[in-house]
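To keep things clear, I will list the structure first and then write my remarks on it.
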Amino acid sequence: MSNLKSVINKVKNNKRINADEALSLFDHAEFLLLADLADTKRRFLHPEPVVTFVSDRNINYTNVCATGCRFCAFYRIPAHKDAYVISIEELNRKIQETIDLGGTQILLQGGMHPELELNYYENMLRHIKKNFSIHIHGFSPPEIYFLSQKSSLTVKDTLIILMEAGLDSIPGGGAEILVDEVRSKISPHKCTAEQWLDVMKTAHQLGLKTTATMMFGHIESKAHIIEHLIKLRTLQDQTKGFTAFIPWTFQPKNTRIDVKSASAVQYLRVLALSRVVLDNIDNIQASWVTQGDKIAQLALAFGANDFGSTMIEENVVAAAGVSFRLPQSEIIRLINDAGYAAKQRDCYYNIIRSKN
């Protein structure tokens with residue numbers, strides 16, 4: 001077990017900590033000490049008192065999924081009465097409304113639909129780019145891996161086709177916990193941890209920027225959380241393609257995993273640890289969608305420097321019975337009241353405009 005005092009000194013001197021040292025912090029650091037260490041790390045990376053956010057919308061093009069993950073309350077089997085594939089008219093309406101509300105990007109994700117072919121995705125991307133000026137942050141690694149397998153193509157060739165059709169960047173969804181011991185129990189039919197990482201590595205090598213995520217608070221251990229973080233850090237050392245990391249807590253309602261919801265304290269401890277460990281990923285997002293406004297605001301003192309998305313629409317977390325909503329004006333107020341300047345950004349963390 002690493003000596004806690006020596007680990008604290010390493011963090012305060014902006015030195016990298018290893019997995020054992022991260023576990024020592026996780027197990028033994030007091031709550032407010034961990035917050036202070038995360039804030040210290042944040043200030044090394046972001047000395048200016050600025051918190052960013054992006055204006056966008058989550059568009060789920062289908063809720064049909066063949067993987068049947070135990071943690072998901074959103075998916076439907078193909079024959080279900082509520083199963084859908086979005087129409088072009090509805091897609092157009094959602095995108096135009098996003099632009100009218102000042103949105104600069106869409107998050108385009110769906111399930112692993114067994115009947116949609118690669119040309120469906122190509123045509124959708126080309127249609128969006130032909131008719132709208134908007135950034136497409138789309139298709140999580142499990143979707144891309146599933147599509148490559150279904151099309152008998154390599155991940156690289158699949159990504160090239162999607163990029164040529166208009167894909168601009170990739171969200172970090174589907175990571176859950178990047179440990180197959182966990183994945184085999186909660187999402188046995190989804191891509192493995194190594195396959196998830198390979199999609200991201202290939203995307204980075206092709207010049208696509210991506211985010212990374214972690215969903216915790218289900219059946220994972222502390223060691224699994226740290227293993228997840230170290231795997232992301234290792235890939236980032238190689239590619240420098242991750243723009244941000246977003247941890248959030250599993251929402252158990254309407255799912256097939258019977259656990260108590262993780263507490264706000266658990267969320268903030270993991271958030272802070274993430275900031276300390278992921279010294280090569282510049283941005284950490286607060287998850288107001290799962291935590292609500294006050295805890296998300298508090299997250300700014302636990303290492304987060306980004307408030308995430310205005311999320312004009314969100315369906316996946318809502319399906320698990322969580323329905324926090326925040327207009328852009330309230331996000332700006334929360335940031336300002338915490339002592340930071342609010343700035344709207346794009347997907348690459350370029351500042352678009354100040355919002356004070």
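The values are calculated or read from the model by the stated rules, or taken from the named source; none is laboratory data. The model shown is predicted, which means the values in this text are computed figures rather than measured ones. Neighbour counts are summed over all protein chains in view; Cβ atoms, including those assigned to glycine, are modelled from backbone coordinates with ideal geometry.
Scanning the range 202-223 for residues that are surrounded by fewer than 17 Cβ atoms within 10 Å (Cβ to Cβ) and in contact with a Leu (Cβ under 9 Å, 6 or more places away or on another chain) returns Leu206, Lys222, Ala223. Looking only at the range 39-64, residues that are surrounded by 21 or more Cβ atoms within 10 Å (Cβ to Cβ) and more than 18 Å from Thr243 (Cα to Cα) come to 6 in all. Looking at Asp27 and the list (1) under 30 Å from Ser354 (Cα atoms); (2) in contact (Cβ under 8 Å) with a residue 40 or more places away in the chain, which single condition is not satisfied? Against the list (1) under 30 Å from Ser354 (Cα atoms); (2) in contact (Cβ under 8 Å) with a residue 40 or more places away in the chain, Asp27 comes up short only on (1).
Restricting attention to the range 269-309, the residues being under 24 Å from Pro327 (Cβ atoms) and in a helix (DSSP H, G or I) number 14. Candidates are the residues of the range 6-42 that are basic (Lys, Arg) and farther than 19 Å from Arg269 by Cβ; the one that is nearest to the chain's Cα centre (by Cα) is Arg16. Note on the range 294-313: among residues that are surrounded by fewer than 20 Cβ atoms within 10 Å (Cβ to Cβ) and not aliphatic (A, V, I, L, M), the one that is nearest to Ala35 (Cα to Cα) is Lys294.
Among the residues of the range 170-181, just one is surrounded by fewer than 20 Cβ atoms within 10 Å (Cβ to Cβ) and either at pLDDT below 95 or touching a Lys or Arg at 6+ places or on another chain (Cβ under 9 Å) (or both), namely Val179. When the range 97-111 is limited to residues that are farther than 12 Å from Ile312 by Cβ and modelled with pLDDT of 90 or more, the one that is surrounded by the most Cβ atoms within 10 Å (Cβ to Cβ) turns out to be Leu108.
Go through the range 69-88 and count every residue that is part of a loop (DSSP other than H, G, I, E, B) and modelled with pLDDT of 85 or more.
Residues flagged as part of a loop (DSSP other than H, G, I, E, B) and modelled with pLDDT of 85 or more within the range 69-88 amount to 3.
Scanning the range 231-263 for residues that are part of a helix (DSSP H, G or I) and in contact with a His (Cβ under 7 Å, 6 or more places away or on another chain) yields a single hit, Thr239.
Table: residues versus (1) farther than 14 Å from Leu278 by Cβ; (2) modelled with pLDDT of 95 or more; (3) in contact with a helix residue (DSSP H, G or I) (Cβ under 8 Å, 6 or more places away or on another chain); (4) buried (at least 18 other Cβ atoms within 10 Å of the Cβ).
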site: Lys5; (1), (2), (3), (4): yes, no, no, no
site: Ile8; (1), (2), (3), (4): yes, yes, yes, yes
site: Lys12; (1), (2), (3), (4): yes, yes, yes, no
site: Arg16; (1), (2), (3), (4): no, yes, yes, no
site: Ala22; (1), (2), (3), (4): no, yes, yes, yes
site: Leu25; (1), (2), (3), (4): no, yes, yes, yes
site: Phe31; (1), (2), (3), (4): yes, yes, yes, no
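Name the single residue that is nearest to Phe44 (Cα to Cα) among those in the range 1-22 being in contact (Cβ under 8 Å) with a residue 60 or more places away in the chain and in a helix (DSSP H, G or I). Applying the filter and picking the extreme gives Val11.
Residues in the range 330-356 that are of a type in the set (S, T, N, Q) and at pLDDT below 90 were compared, and the one that is surrounded by the fewest Cβ atoms within 10 Å (Cβ to Cβ) is Asn356. When the range 250-283 is examined, which residues are found to be at pLDDT 85 or above, surrounded by 15 or more Cβ atoms within 10 Å (Cβ to Cβ) and aliphatic (A, V, I, L, M)? Across the range 250-283, the qualifying residues are Ala264, Leu268, Val270, Leu271, Ala272, Leu273, Val276, Val277, Leu278, Ile281. Look at the range 230-253: where a residue is under 22 Å from Ile17 (Cβ atoms) and a partner is of a type in the set (Lys, Arg), sitting 6+ places away or on another chain with Cβ atoms under 8 Å, you get Leu235/Lys201; Gln238/Lys201; Thr239/Lys201; Phe242/Lys209. For the range 138-152, check the following and say yes or no: at least one residue is under 20 Å from Asp56 (Cα atoms) and surrounded by fewer than 23 Cβ atoms within 10 Å (Cβ to Cβ). So far as the range 138-152 goes, no, none of its residues is under 20 Å from Asp56 (Cα atoms) and surrounded by fewer than 23 Cβ atoms within 10 Å (Cβ to Cβ).
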